[in-house]
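So the structure is just underneath, and the comments pick up after that.
The values are calculated or read from the model by the stated rules, or taken from the named source; none is laboratory data. Just so we're clear, the structure is a prediction, and the values are computed from it rather than from any experiment. Cβ sites come from the backbone with ideal geometry, for glycine too, and all protein chains shown count toward neighbours.
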Amino acid sequence: MKILVTGGTGYIGSHAVEILMNSGHEVTVLDDCSTGHLDSLPPTVRFIQGSLLDPDLVVRALKGCEAVMHFAGKSLVGESVKKPDLYRQVNVAGTKVLLDGMNTLGIKKIVFSSSAATYGEPEKSPISEKAQCVPTNPYGETKLAIERDLSTAALTQHLAAISLRYFNVAGALKTQRGWLAERHEPETHLIPNALRATKESPLRIFGRDWNTPDRTCIRDYVHVVDLIDAHVKALNALVDSKHHIINIGSGTGYSVMQVVDAVSRVKNSELATVDAPRRAGDPAVLVADISKAEKLINWKPVKGLDEMVEDTFKAS
Ligand code: UFG
């Protein structure tokens, strides 16, 4: 299939490009390279550099494509609190330009990178897609606004859309050109930060007073390769003019200290940590109910936490 991948130079997008091309799809990447890395792309990919906010460029990128995987967007919770307008502009307005371009060219299929940040502070765990969405930051708000636009477009332009609400993505893939690493700058995520920690610069544990068994936050980690497998399965499931929303996680929660233990195991040395205050906006527990993913797109993750930590380590 001919697929436009927006945000294909980023951490998750570049894994999608690699896996799609390896399975014989023809991929065009549209990316402004504001946070991604051009050297993550296979040399043979069709690449268009530019912004989603440029309607002519978007139509040029979409020409000849049958489906879209939409990864492009701003994704830092903390930054979104400081720059909400930027997040609305790039994420919501950018996606609107993409949907308009798809409408112009009659392209009917899209898989969208949404986030568990749409839920906010959940009332129940594990969280099902039926849970109320009350995002606690502008990042989550923009993802929810885009989901609403996709629901509208399913009605008005007969779009077949699936939004995948990611939980905590980790891990990496080895390619013929080397490992595709998670290369965020600044890096805020737990696993890469833990792997970088040293005695001189220990991992900060954000809060030791949460209402959880070991008093640290609990999250649901999913390997990036499993995540892309979910995208491929979602793409194959796009048949009707509807918008479906599906959680993508492992269904299992790990505390920050359990991740610290996994990192110590992989590095074969005890990880240096230091207690720090709670981070603003962190919910105590975020674990996905992934039964809808299995039912709707026949997806289940196969890689566990140790493999995510090992692969992130090898890629770093
Ligand atoms: N943490 C630390 N120290 C660190 C980094 C993180 O203790 O140096 C803790 C956090 O407080 C949190 C847990 O580790 O409890 C996981 O934090 P991450 O930053 O790795 O991930 P988040 O759960 O904050 O965020 C992820 C995605 C977001 C998305 C959110 C949805 O990265 O894009 O899940 O819930 F919005």
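The table for this structure:
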{"quantity": "Any hit, the range 43-51, residues being part of a helix (DSSP H, G or I), in the same structural domain as R165 (by TED's automatic domain parsing), in contact (Cβ under 8 Å) with a residue 12 or more places away in the chain and aromatic (F, W, Y)", "calculated": "no"}
{"quantity": "Test: residue in the range 175-182 that is within 11 Å of the ligand (Cβ to nearest atom), outside the structural domain of R88 (by TED's automatic domain parsing) and either more than 16 Å from H223 (Cα to Cα) or polar (S, T, N, Q) (or both)", "calculated": "no"}
{"quantity": "Every residue from the range 59-85 that is of a type outside the set (K, R) and within 16 Å of the ligand (Cβ to nearest atom)", "calculated": "H70, F71, A72, G73, S75, L76, V77, G78, E79, S80, V81, P84"}
{"quantity": "Hits in the range 98-125 - residues which are surrounded by fewer than 19 Cβ atoms within 10 Å (Cβ to Cβ) and either part of a helix (DSSP H, G or I) or of a type in the set (D, E, K, R) (or both)", "calculated": "D100, N103, T104, L105, E121, E123, K124"}
{"quantity": "Residues of the range 114-132 satisfying the condition of being more than 12 Å from the ligand (Cβ to nearest atom) and at pLDDT 95 or above", "calculated": "P126, S128, E129, K130, A131, Q132"}
{"quantity": "Flag if A170 is hydrophobic (A, V, I, L, M, F, W, C), more than 22 Å from the chain's Cα centre (by Cα) and within 15 Å of the ligand (Cβ to nearest atom)", "calculated": "no"}
{"quantity": "Set V81, V77, V111: member being of a type in the set (V, I, T) and at pLDDT 95 or above", "calculated": "V111"}
{"quantity": "All strands (runs of 3 or more DSSP E) inside the range 213-282 with 3 or more residues being farther than 16 Å from I297 by Cβ", "calculated": "273-276"}
{"quantity": "Condition met for S128 (in contact (Cβ under 8 Å) with a residue 60 or more places away in the chain, among the small types (G, A, S) and either farther than 21 Å from D229 by Cα or crowded, with 22+ Cβ neighbours inside 10 Å (or both))", "calculated": "no"}
{"quantity": "Hey, D311 under 30 Å from S201 (Cβ atoms), touching a His at 6+ places or on another chain (Cβ under 8 Å), assigned by TED's automatic domain parsing to the domain that holds A197 and in a helix (DSSP H, G or I) or not", "calculated": "yes"}
{"quantity": "Residue satisfying condition, being crowded, with 21+ Cβ neighbours inside 10 Å, more than 8 Å from the ligand (Cβ to nearest atom), in the same structural domain as T44 (by TED's automatic domain parsing) and not in a helix (DSSP H, G or I), within set L164, L150", "calculated": "L164"}
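Rundown of residues vs (1) within 11 Å of the ligand (Cβ to nearest atom); (2) within 30 Å of V111 (Cβ to Cβ); (3) not assigned by TED's automatic domain parsing to the domain that holds M308, yes/no style:
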position	(1), (2), (3)
P192	yes, yes, no
I205	yes, no, no
N211	no, no, no
L227	no, yes, yes
N236	no, yes, yes
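Residue by residue, here is whether (1) in the same structural domain as S163 (by TED's automatic domain parsing); (2) touching a Phe, Trp or Tyr at 6+ places or on another chain (Cβ under 6 Å); (3) buried (at least 21 other Cβ atoms within 10 Å of the Cβ) holds:
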| residue | (1), (2), (3) |
| --- | --- |
| Q258 | no, no, no |
| V263 | no, no, yes |
| D275 | no, no, no |
| R279 | no, yes, no |
| D282 | no, no, no |
| V285 | no, no, no |
| S291 | no, no, no |
| E294 | no, no, no |
| W299 | no, no, yes |
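Conditions tested, residue by residue: (1) within 9 Å of the ligand (Cβ to nearest atom); (2) on the phi > 0 side of the Ramachandran plot; (3) crowded, with 22+ Cβ neighbours inside 10 Å; (4) not aliphatic (A, V, I, L, M).
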{"site": "R196", "(1), (2), (3), (4)": "no, no, no, yes"}
{"site": "V222", "(1), (2), (3), (4)": "no, no, yes, no"}
{"site": "H243", "(1), (2), (3), (4)": "no, no, no, yes"}
{"site": "G249", "(1), (2), (3), (4)": "no, no, yes, yes"}
